[in-house]
1. Output needed for region C:110-178: three equivalent-ellipsoid semi-axes, defined as square roots of 5 times the C-alpha gyration tensor eigenvalues, in descending order, whole Å.
2. Have a look at the DSSP beta bridges in chain B and tell me what percent are antiparallel, nearest 5.
3. Loop-only check: which chymotrypsin sites (Phe, Trp or Tyr not before Pro) in region C:1-82 are DSSP coil with at most 14 other Cβ within 10 angstrom?
4. With N set to the residue count of region C:135-235, report its C-alpha Rg divided by 2.2 N^0.38 Å to two decimal places.
5. Excluding C:SER272 itself, what net charge comes from residues whose Cβ is under 14 Å from its Cβ, given Lys and Arg +1 and Asp and Glu -1?
6. Using only the Cα atoms of region C:1-123, construct the convex hull and provide its projected area averaged over every direction, in square nanometres to one decimal.
7. Kirkwood hydrodynamic radius, computed over distinct alpha-carbon pairs, for chain B: how many Å, to one decimal?
8. Can you tell me how much longer the chain between A:MET291 and A:ASP204 gets when fully stretched, taken as 0.36 nm per residue apart minus their C-alpha distance, in nm with one decimal?
Amino acid sequence: MDEISYDIPHHNWGYKEWEKDFQAMKSIGIDTVVMIRCGLRRFMTYDSEVLRNGVKAFTPPVDLVAMYLELAEKYGMSFYFGTYDHGLQWNASTWEDFTELNCQMIKEAWQRYGSSKAFKGWYLSVEIGREHPYVVKGFNRMGKLCKDLSGGLPVLISPYIEGSLASSGGLSFDTHTKEWDSLLSRLQGAVDILAFQDGLCSYDELTQFLVINNELAAQYNMQSWTNCESFDRDMPIRFLPIKWEKMYHKLRAAEAAGMQKAITFEFSHFMSPNSMYASAHGLFDRYKEYMQL
Amino acid sequence: MDEISYDIPHHNWGYKEWEKDFQAMKSIGIDTVVMIRCGLRRFMTYDSEVLRNGVKAFTPPVDLVAMYLELAEKYGMSFYFGTYDHGLQWNASTWEDFTELNCQMIKEAWQRYGSSKAFKGWYLSVEIGREHPYVVKGFNRMGKLCKDLSGGLPVLISPYIEGSLASSGGLSFDTHTKEWDSLLSRLQGAVDILAFQDGLCSYDELTQFLVINNELAAQYNMQSWTNCESFDRDMPIRFLPIKWEKMYHKLRAAEAAGMQKAITFEFSHFMSPNSMYASAHGLFDRYKEYMQL
Amino acid sequence: MDEISYDIPHHNWGYKEWEKDFQAMKSIGIDTVVMIRCGLRRFMTYDSEVLRNGVKAFTPPVDLVAMYLELAEKYGMSFYFGTYDHGLQWNASTWEDFTELNCQMIKEAWQRYGSSKAFKGWYLSVEIGREHPYVVKGFNRMGKLCKDLSGGLPVLISPYIEGSLASSGGLSFDTHTKEWDSLLSRLQGAVDILAFQDGLCSYDELTQFLVINNELAAQYNMQSWTNCESFDRDMPIRFLPIKWEKMYHKLRAAEAAGMQKAITFEFSHFMSPNSMYASAHGLFDRYKEYMQL
């Protein structure tokens, strides 16, 4: 759920519209919802004193976290809480401050929402594609805190596969394997679930990357999910729902690789019968046909 | 009403759809509609002989001005008539021609539509953020003509606050104050209403800018409105409806500053239950909740 | 029908939605549907062995050609089959391979679909605006093959008028005439219908260009249609439906020039009551009013 968004315009939904969308998710078998971040720059999903003091965040008109937890509980879904994002680069001079602020916020959030039955995990919201020492340090500290506080609730990260469609030109299978082997070895005990985004590699590469990711995850006792992007990266309007055929090829690659679970970025705009983008309604219908729902 | 648009795609509405939208406006308390311009480059809202001869404008398939006046009268709203826009730079060599063409068109428009009960004011359609000698000269001449012809109907301008989000990097409060003090002193007698656009300053700066604008307006016996932009400037799709929370912070800043009235650019695309953009329907609902309508 | 698209996001329609759209087309007098291409890069409209082997194309989840032919037959419409597009430049070193692959695919497609009653013509999918020796060579070979195989079914091309809005700055009427005279002289026997796109010239130029095109077409025994673009080229969102007034001016120019037929790029996204873009619904209504349907 991308309600504090970098680049996806808002639906301006209220409680009623969100409830309808949780019903739509439920109807196609979605059992887990991930709040992409609890705040971005100065916008927040709940009225966090930590973020108000720390980054002069604006007091929001509603408490989205409370709403999501209530709906997740009502519909029997697991809610993952996403950490705060400054919207700035993680580097040698920023990473400790970013991590420290997040750690304070994590404690506040757990205190406020930890008693909810639907609170089932954490999501560390920074996205990387390859070796990144400062993000790894942050993930390590934040992930361990999340688990300590919450009696070991799982911690999810969602890196991207830096494939041939990435602006860098992409990593070879070997380099990807080597770098993520090293990264995951340093994230053991702090991260439980790896859900790579599938949008920056070609359809051909995808299965192979997913197989590698599965093997690495198994080696470090992590779960291996796919994050199947449901927006179209190939069109001049950035972004509208993906063409079904593309999602179909990606889902089949995930099946072939034997992924443990699939999530998507993101349902409400790009795949929902309630989306402001009507082609999302079509994507929902095509997915249902494919899944024989 | 942005029916001859620079950058907002058209709804392709006919009379029936426009009437429905006037009803929606009425339902949330909108009592004033402003036609953003009567023509842009070679497109016109009514079949103006002046513009046909002056800029080889295309004869339009319908008379939008007549339609807007009829609907405004039917729903008890005030209609402001926007002047013509060449779509070119105002400078030393163009301003007199631009102004002269507009003055002829203003006479024509008043002769044709001035008897309508809903014709309640004029809008000078050029947008500036700071000192601009040629636009001021044009405003002065046009504004006075509008008032002379129409028995003193009010003249509205809608400059932008050149805040920190402007491409220039923005003006300090002091510079803004100094330049607008000078500008308004030269616009006395030609302009009655100042409605600054609120999109190019940060949420923090906004209240302070609005307070300054109120003081300046009072000093020159003008009314001070806010033009609360309802499109989102922060997204890669340029432009879809604004996130409600952003509008909420801007409206609260306007309340805090004690603005006399709020208008928006613009209702039909970005805030209407009839908009082609479904997130506008959400914005309409959220606004109604906020206003307890 | 732009179902394998360069730049128009997909509706994600299934059979039911497409049938509804054929009904909408029928209701406003559309009697001909053109499939813009049977494949682009590695995506295909039907499971072509030629393209699977030739460019490692992906096996599509449905057979769009079969669906279009079935619907065209059901609603009494003529279907034109568009050729394959590599998405690459036609030049001295590529044109023969591009043409050869297309020729193999054309044979395959005719064998598979030629018995359909609705299969009424071919469309050569490359777009040019002026002299282009390699495309002409390809058109010649492909067009003749199409006609030979199919007992002379008509072959359509849809070049663009390289007018003053083209990135090149446009051709003069004289240059356009000279180059197309030469091009058409070399395309006799391979091409039957010329349907120039009308989006890259100004409204003033359009009638004159269309008159020239009619004369050239007559000279070479070709039909002369207009391809009236229904998307708006002037807006920052690329692309949403065109403003009705613009289409109105272009259709009137086509009437004035005496075109034999009008097609549009394209109905389903930009002009249909079923489009994901709500302003297309308005365009459909305005067109119906204009045509008194």
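Nothing in this text is a laboratory measurement; each read-out follows from the coordinates by a stated rule. Worth saying up front: this structure is predicted, and the values here are computed from it rather than measured. Quick reminder, even Gly has a Cβ in these numbers, built from the backbone with ideal geometry, and neighbours come from all protein chains shown.
1. Semi-axes (√(5λ), whole Å): 31, 12, 9.
2. Values: 3 of 28 bridges.
Beta bridges within chain B, antiparallel portion: roughly 10 percent.
3. Listed in order of number, the matching sites are C:TYR6.
4. That works out to 1.11 for region C:135-235.
5. Local charge sum for C:SER272: -3.
6. Mean orientational projected area (region C:1-123, Cα hull): 7.6 nm².
7. This gives a value of 19.4 Å.
8. Numbers: separation 87, 0.36 × 87 = 31.32 nm, distance 2.25 nm.
Computed gain between A:MET291 and A:ASP204 is 29.1 nm.
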